[in-house]
1. For the range 1-101, what's the relative contact order in percent, using C-alpha pairs closer than 8 Å and at least 6 residues apart?
2. Counting pairs of alpha carbon atoms under 8 Å apart in space and at least six apart in sequence, what relative contact order in percent does the chain give?
3. Place the peptides 52-59, 186-193, 268-275 in order of packing, highest mean first, counting for every residue the other Cβ atoms within 10 Å and averaging per peptide.
4. May I ask you to evaluate 6.51 cos²θ - 1.76 cosθ + 1.60, the Karplus curve with θ = phi - 60°, for each residue of the range 20-27 and list the ³J(HN,Hα) values in order in whole Hz, giving x for glycine and proline?
5. Rounded, prolate or oblate: which fits the chain when a ≥ b ≥ c are the square roots of the eigenvalues of the alpha-carbon gyration tensor, with rounded for a/c under 1.5 and prolate only if a/b beats b/c?
6. At 222 nm, what value in deg cm²/dmol follows for the chain if DSSP H runs of at least 4 each add -39500 (n - 2.57) and the sum is divided by all its residues, to the nearest 500?
7. Once amide H atoms are placed 1.01 Å from N in the peptide plane, what residues at a sequence separation of 5 or more from Ala177, or on another chain, have their amide H within under 5 Å of its amide H?
8. Please report the relative contact order for the range 120-201, taking Cα pairs under 8 Å with a sequence separation of at least 6, and give it as a percent rounded to a whole number.
Amino acid sequence: MEEYHDYLVRALACNEEVRAFAVTSKDAVEYARKIHNNSPIATACLGRMLSAGLMMGDMLKSNKDLVTIQIHCDGPLKHVLVTANDNGEVKGYVSNPNVILPPNASGHLNVGGGIGKGTLTVIRDFGLKEPYVSTINLHLGEIADDLTYYFAQSEQTPSSVGLGVLFNKDDVTVKAAGGFIIQLMPHTEDSVISKIESNLANFTSVTDVLRQGKSPEELLEIVLSGFDIKFTEKKPVFFKCSCSKEKGLIVLKSLGKKTIDEMVKDNKGAEVVCDFCGKKYEYTPEEVLSLQTETNCKQNS
Ligand code: ZN
């Protein structure tokens with residue numbers, strides 16, 4: 001079996017006053033880049049979202065739950081969507097993977113310019129119950145700070161989020177990716193808060209730490225320097241899509257009777273391409289016909 005490289009750790013610090021997550025996600029982000037043919041800005045944007053998704057997936061209570069993070073924006077990236085679960089599986093895409101922009105004022109990839117103004121929505125789906133949906137306006141469009149704002153605003157949890165994607169010398173392929181989330185529990189003492197704030201003030205960037213080849217554990221040791229850290233979980237993480245031919249059929253069905261009738265008339269079968277992983281599912285004219293019969297039965301019943 002191939003050894004995994006990407007993994008997530010969860011930790012507690014300061015008598016459980018602080019909880020923390022850190023992840024490396026190079027393989028997942030590079031895999032997404034390859035299947036979607038993402039430009040560097042799309043890679044940086046989706047990479048940050050994939051790392052955040054993995055950590056927020058780990059916050060879910062049951063392994064049947066799902067968390068989805070969505071950005072709808074007026075920048076050229078338009079729409080970014082990531083879905084993760086508690087099993088360390090994440091998938092995602094950028095609706096416009098070809099975006100290329102000049103570097104920003106500090107000479108970095110202009111992810112903020114690719115996003116612009118818009119909203120960030122977090123959907124937590126607990127299976128049977130109504131999903132929990134919360135939307136905030138994007139403030140900075142660089143994702144990590146917007147998620148920090150989301151946690152404070154929507155979950156009343158003071159947090160700090162750091163995310164980064166580091167490229168190889170070719171400026172296209174991914175050398176490293178990852179991030180952290182630090183969260184304060186309601187009873188956190190002021191002295192702890194100010195120590196963390198001072199640590200964060202001295203922290204350069206996740207990308208810088210990744211450049212030094214640091215692990216998720218080491219990333220948390222830097223951000224929570226001076227605290228006793230108790231690591232409570234370590235698990236591998238992956239880019240994984242759960243699409244199938246059957247699920248593609250549900251997509252076809254959702255197109256409605258009129259479209260299906262037209263497809264039957266054309267007699268060319270149908271094709272469904274998964275947004276998340278780019279996999280193509282083909283359906284024969286007979287399969288489309290059986291779909292039509294099914295829709296007709298439903299309408300008559
Ligand atoms: Zn798929």
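1. 24
2. Computed value for the chain: 22 percent relative contact order.
3. Details: 52-59: 26.1, 186-193: 12.1, 268-275: 15.8.
Order by mean packing, descending: 52-59, 268-275, 186-193.
4. Using θ = phi - 60°, the values come out as 9, 9, 8, 8, 10, 9, 4, 5 Hz.
5. Taking the square roots of the gyration eigenvalues as a ≥ b ≥ c, the chain is prolate.
6. Working: 10 runs with 109 residues, N = 301.
Counting only the DSSP helices, I get -11000 deg cm²/dmol.
7. Ser25, Lys26, Leu166
8. Computed over the range 120-201, the figure is 17 percent.
Bear in mind that the values in this text are calculations on the coordinates, not laboratory data. This one's a predicted model, so the numbers in the text were calculated from it and none came from an experiment. We place every Cβ from the backbone using ideal geometry, glycine too, and count neighbours over all the protein chains shown.
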